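Only one structure is covered here, and it is reproduced in the block below.
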Amino acid sequence: MRLNQNTLLLGKKVVLVPYTSEHVPRYHEWMKSEELQHLTASEPLSLEQEYAMQRSWREDADKCTFIVLDAEKWQAQPGATEESCMVGDVNLFLTDLQDPTLGEIEVMIAEPSCRGKGLGTEAVLMMLSYGVTRLDLTKFEAKIGQGNEPSIRMFQKLHFEQVAVSSIFQEVTLRLTMSECEHQWLLEQTSHVEEKPYRDGSAEPC
């Protein structure tokens with residue numbers, strides 16, 4: 001999605017940046033993991049295919065993607081490459097043509113050492129806020145494998161409620177509707193987040 005290609009979101013634990021070509025090699029290494037392929041229901045891609053996928057995610061209007069950086073590492077090492085600070089990604093899919101106010105959200109903390117520390121939670125909260133304020137979304141769904149208990153618990157803590165179970169796909173669907181009360185709660189949870197221009201609008205490296 002080109003809408004977020006010049007947007008950086010700065011939180012306490014994570015920094016969200018647009019998915020650019022410089023992130024692809026690290027992302028490609030992650031996705032060689034059979035565990036991550038299983039958790040994300042993904043097929044392994046070649047490096048060339050991964051670059052093509054990154055380009056499509058930047059261009060397609062129905063996909064909004066941010067790479068998740070470790071904020072502490074990113075801020076503690078001036079000049080550190082984003083690739084060296086990458087811990088995962090967070091995505092919104094706007095694929096329901098009947099309801100443009102619904103977004104499917106997913107998060108992946110790929111670095112095992114960074115799991116269980118609240119990075120995924122903050123990344124999801126920041127993405128929810130971005131979806132509400134920039135994409136006019138009012139409803140969110142998360143589809144999670146039945147065996148992925150940590151992810152299910154995380155979304156439930158973020159007020160998502162289970163609405164469906166698919167025995168065929170072995171996944172549960174959780175939903176959050178942005179009532180006035182939920183919107184106020186989200187604003188409180190993300191009041192510390194700063195939105196900044198990404199690289200001052202410079203072109204993406206080739």
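The values are calculated or read from the model by the stated rules, or taken from the named source; none is laboratory data. Computed from a prediction, not measured in an experiment: that's the story for all the values here. Reconstructed Cβ throughout: ideal geometry from the backbone, glycine too, with neighbour counts over all protein chains shown. Only protein heavy atoms, including side chains, enter the accessible area calculation; ligands, DNA and RNA are left aside. Shrake-Rupley method; radii C 1.70, N 1.55, O 1.52, S 1.80 Å.
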Using a simple spin-label model with points 7 Å from Cα along the Cα→Cβ vector, what separation in nm is obtained for THR95 and LYS63? 1.0 nm
Using a ≥ b ≥ c from the Cα gyration tensor of the chain (square roots of the eigenvalues), is it rounded, prolate or oblate, where a/c under 1.5 gives rounded and otherwise the larger of a/b and b/c decides, a/b for prolate? rounded
Which of the peptides 115-123, 84-92 is most tightly packed, and how do the rest follow, judged by the mean count of other Cβ atoms within 10 Å per residue? 84-92, 115-123
Counting only protein heavy atoms and a 1.4 Å probe, tell me what percentage of the chain's accessible area is made up of carbon and sulfur. 50 percent
With a probe of 1.4 Å, find how much accessible area region 132-180 has per residue, and write the answer as a whole number in Å². 60 Å²
Would you mind getting me the FRET efficiency between SER84 and LYS12? Use the beta-carbon distance for r and R0 = 22 Å, nearest 0.05. 0.65
Relative to the present Cα-Cα distance, how much length would full extension add between ARG2 and LYS32 at 0.36 nm per residue of separation? 8.1 nm
Among HIS23, TRP185, TYR130, pick out the residue whose Cα is farthest towards the positive end of the charge dipole of region 7-196, where Lys and Arg carry +1 and Asp and Glu carry -1 on C-beta, about the Cα centre. TRP185
DSSP-defined antiparallel bridges as percent of all bridges, region 87-158, nearest 5: 65 percent
Compute the Kirkwood hydrodynamic radius of region 56-122, taking the inverse of the mean of 1/r over all pairs of distinct Cα atoms, and give it in Å to one decimal. 13.4 Å
Tail beyond 17 Å, pair distance distribution of region 1-40 (Cα, percent): 51 percent
Region 7-196: relative contact order in percent, alpha carbon pairs under 8 Å with at least 6 residues between: 21 percent
In region 119-143, whose amide N lies under 18 Å from the spot 7 Å out along Cα-to-Cβ of LYS73? List them in ranges. 119-124
Of all DSSP beta bridges located in the chain, what percent are antiparallel, nearest 5? 90 percent
